[in-house]
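Inspection log for the structure reproduced underneath, given as structure tokens.
The values are calculated or read from the model by the stated rules, or taken from the named source; none is laboratory data. Remember, it's a predicted structure, so these values are computed and weren't measured experimentally. Please note: Cβ atoms are built from the backbone with ideal geometry, for glycine as well, and neighbour counts cover all protein chains shown.
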Amino acid sequence: MITTHKIYNTNSNDMICIPDKSIQLIVTSPPYPMIEMWDEMFKEQSPVIKEHFNNKDYDLAFEEMHRLLDAIWCECDRVLADNGFVCVNIGDATRTVNESFKMFSNHSRIIQTFINMGYTVLPDILWHKQSNAPNKFMGSGMYPAGAYVTYEHEYILIFRKGGKRVFKGSERSIRQESAYFWEERNIWFSDLWEIRGTSQNISKVNSSRARNASFPLEIPYRLVNMYSVKGDTVLDPFCGLGTTILACMASQRNSIGIEVSKEISELATININENAKVLNNLIKNRIKSHNEFIETLNEEKLQKCYKNTPHGFLVKTKQETALHIKELGNISYDNGNFICDYK
């Protein structure tokens, strides 16, 4: 099996480059409305938003920002196959406006959009972004009735288009090969993920996008393995530096990234080319972690284990016996496409 990966430099509100219902999974982290680092980008795309900011009509600006995102979610719906999934990493915004501190609930606004489009809302995940910051309070210090809770989490919203996906014929064996480990399931399908964030500075960019809201590779890597099978095509309509594409390369999925900034899309190509070479370490560590887990089991539990056929090691359940994790082989770049084969 080979996989292909491509980045398009265009606006996601019109993804003419992608046919209808050709995507099985969408994994993305959009710009967060009312987070200051994204203000200028939103203003550049909409004079109405700029006017609202000038008039200090921040609630109207918030709604108009989401209307821009709504157009992209609508286009995502066009390209997503029936029974496909959408995973959106989003944080709520807190800021002082008109001398009053308040929260703007991005996650609830996006949930409402997908409900209106007829999607099934599935249980979400709280991503706790571990922090070593010594001062975690906001407001009046130790005096009551004036302090505010500090946000240290973001949401991973999960939506399904239509009913459960049905696998028939040869698709069943691909699904079995795409399985995850028992101990991974227990961590991945919990509602709280403890994962450190990544740096948002981009030193090579001389624009309003001098920062990038990339999520750590572990997040799209988990989601891609949880909600798609090998050979599926995964879309990230806010591609950034291509983290979702890297996750797909490591998981034998095809991928498409859309990035509106030419500078960022060019950096993404460089980032993918440089980091694809180290993805095998991620794969090796995944297998190493599994074998270390097996070593912790006592003799009675080992006797109840099964043998994984492709790798030859023990696994906890029968559903893991066909699980096959392949390392990347050759990675080439041809006419705008990354092409990966596997060992």
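Filter segment 173-191 down to the residues that are among the hydroxyl-bearing types (Ser, Thr, Tyr) and assigned to a helix (DSSP H, G or I) and list them by number.
The one that is among the hydroxyl-bearing types (Ser, Thr, Tyr) and assigned to a helix (DSSP H, G or I): Ser173.
Residue check: is Ser12 small (Gly, Ala, Ser), touching a strand residue (DSSP E or B) at 6+ places or on another chain (Cβ under 9 Å), crowded, with 16+ Cβ neighbours inside 10 Å and closer than 30 Å to Ala250 by Cα?
yes
Just a yes or no: is a residue in segment 100-123 at pLDDT below 95 and over 19 Å from Tyr151 (Cα atoms)?
There is no residue in segment 100-123 that is at pLDDT below 95 and over 19 Å from Tyr151 (Cα atoms).
Among the residues of segment 79-117, write down those that are without any contact (Cβ under 8 Å) to a residue 24 or more places away in the chain and closer than 24 Å to Leu235 by Cα.
Ser108, Gln112, Ile115, Asn116
Being assigned to a strand (DSSP E or B) and either closer than 30 Å to Leu69 by Cα or free of Cβ contacts under 8 Å to residues at least 12 places away in the same chain (or both) is the requirement here; does Ile256 meet it?
So Ile256 fits the description; yes.
Report yes if some residue within segment 323-340 is loosely packed, with under 11 Cβ neighbours inside 10 Å and either more than 30 Å from Ile23 (Cα to Cα) or aliphatic (A, V, I, L, M) (or both); otherwise report no.
Among the residues of segment 323-340, not one is loosely packed, with under 11 Cβ neighbours inside 10 Å and either more than 30 Å from Ile23 (Cα to Cα) or aliphatic (A, V, I, L, M) (or both), which makes the answer no.
Going by the conditions given, is Phe313 more than 21 Å from Leu25 (Cβ to Cβ), aromatic (Phe, Trp, Tyr) and free of Cβ contacts under 8 Å to residues at least 40 places away in the same chain?
The answer is yes for Phe313.
Specify which of the listed residues (Arg222, Arg286) is crowded, with 22+ Cβ neighbours inside 10 Å, out of contact with any Ser or Thr (no Cβ under 9 Å at 6 or more places or on another chain) and outside any loop (DSSP other than H, G, I, E, B).
Arg222
Assess whether Ile23 counts as being closer than 22 Å to Tyr119 by Cα, of a type in the set (A, V, I, L, M) and under 18 Å from the mean Cα position of the chain (by Cα).
So Ile23 passes the test.
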